[in-house]
Amino acid sequence: MVGTFSIIAIDKDIGLMGVAVTSGSIAVGTRVPWAKPGVGVVATQAYTNIMYGKEGLKLLERGKTPKEALDELLSLDPKPEIRQVCIMNSRGVFAVHTGVNCPLHHGHILGDTFCVLGNLLTSKNVLKQIYLAYLENEGESFPLRLLKALKAGILAGGDRRGHNSAAIIIVETRVVSGKSGFQINIRIDRSKKPVDELIEKIKAVIL
């Protein structure tokens, strides 16, 4: 979706990985964030092509590295220059692409265990503040750490159109046979303060 920023991350110590996203578009959770326990996480945004989410997870499941999966999907896309995609597998290996024709300001920052990406931003400082906030909230619970990073992006100016929806998906890095496992999948499809609402919902789940 145009006008979107997200963060993908993994916490190997607790065995969780996830993606959190907010956008000036409505119902961002229906298209941008993708995750599968034991497999990986994908964010596909800018002029969103959900192929990267659906097929990206399938390729990871078949043993492709994130780079191999991303390269293959980019080669099949007639307009890769307008896509922004991050793929991470359950071992915390990343591959990220920001097309040259994604809406300005656009970009991504890759850390050791997380990646921040966005487009149609008020400035590139938005990405920097998300990045720094994730590092600064190291002692926070994993879901709240992701959402507080998004909140920092909003406070830095965020999406040029404002913020109307948000979503978070958290899954386990490993699948244990016979167990349903820990999972969070919460969407705010339309709200004046979608990330604030997500934070309250997450607090109710984890506390």
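The values are calculated or read from the model by the stated rules, or taken from the named source; none is laboratory data. From a predicted model like this one, the values you see are computed outputs, not experimental measurements. As a convention, Cβ positions derive from the backbone with ideal geometry for all residues, glycine included, and neighbour counts pool all protein chains shown. Side chains included, ligands, DNA and RNA excluded: accessible areas come from the protein's heavy atoms. Shrake-Rupley method; radii C 1.70, N 1.55, O 1.52, S 1.80 Å.
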request  = Take each of the peptides 32-45, 104-117, 183-196, average the number of other beta-carbon atoms within 10 Å over its residues, and list them starting from the highest.
outcome  = 32-45, 104-117, 183-196
query = Past the 26 Å Cα-Cα mark, which pairs from Lys67/Lys192; Lys54/Lys179; Lys54/Lys124?
reply = Lys67/Lys192; Lys54/Lys124
inquiry  = Given bins 5 angstrom wide, list per bin the percent of all Cα-Cα distances in segment 61-110, short to long.
reply    = 5, 20, 29, 21, 15, 7, 2
task = Among the GluC sites (Glu not before Pro) in segment 89-149, which ones are in a DSSP loop with at most 13 other Cβ atoms within 10 Å of the Cβ? Mind listing them?
result = Glu138
ask   = Can you give the convex hull volume of the alpha carbon atoms of the chain per residue, in Å³?
value = 101
key: Zone of Leu155's modelled label, taken as backbone nitrogen in segment 163-194 under 18 Å from a point 7 Å along Cα→Cβ   = 163, 193-194
ask   = Quick one: accessible area per residue over segment 124-181, 1.4 Å probe, rounded to a whole number of Å²?
value = 49
task = Give the carbon-plus-sulfur fraction of the accessible surface of the chain in %, rounded to a whole number; probe 1.4 Å, heavy atoms of protein chains only.
result = 50
ask   = Cα to Cα, under 14 Å, and not fewer than 8 places away if on the same chain: which aspartates and glutamates meet these conditions relative to Lys201?
value = Asp189
query = Name the trypsin sites (Lys or Arg not before Pro) in segment 1-80 that are in a loop by DSSP and that have at most 14 other C-beta atoms within 10 Å, would you?
reply = Lys12, Arg62
inquiry  = Suppose every Lys and Arg Cβ carries +1 and every Asp and Glu Cβ carries -1, with no other charges. What dipole size does segment 86-192 come out with about its Cα centre, to the nearest 20 debye?
reply    = 280
key: Cβ-based charge dipole, the chain, positive-most Cα from Ala69, Asn49, Ala27   = Ala27
query = When only Cα pairs under 8 Å and 6 or more residues apart are kept, what is the percent relative contact order across segment 125-167?
reply = 47
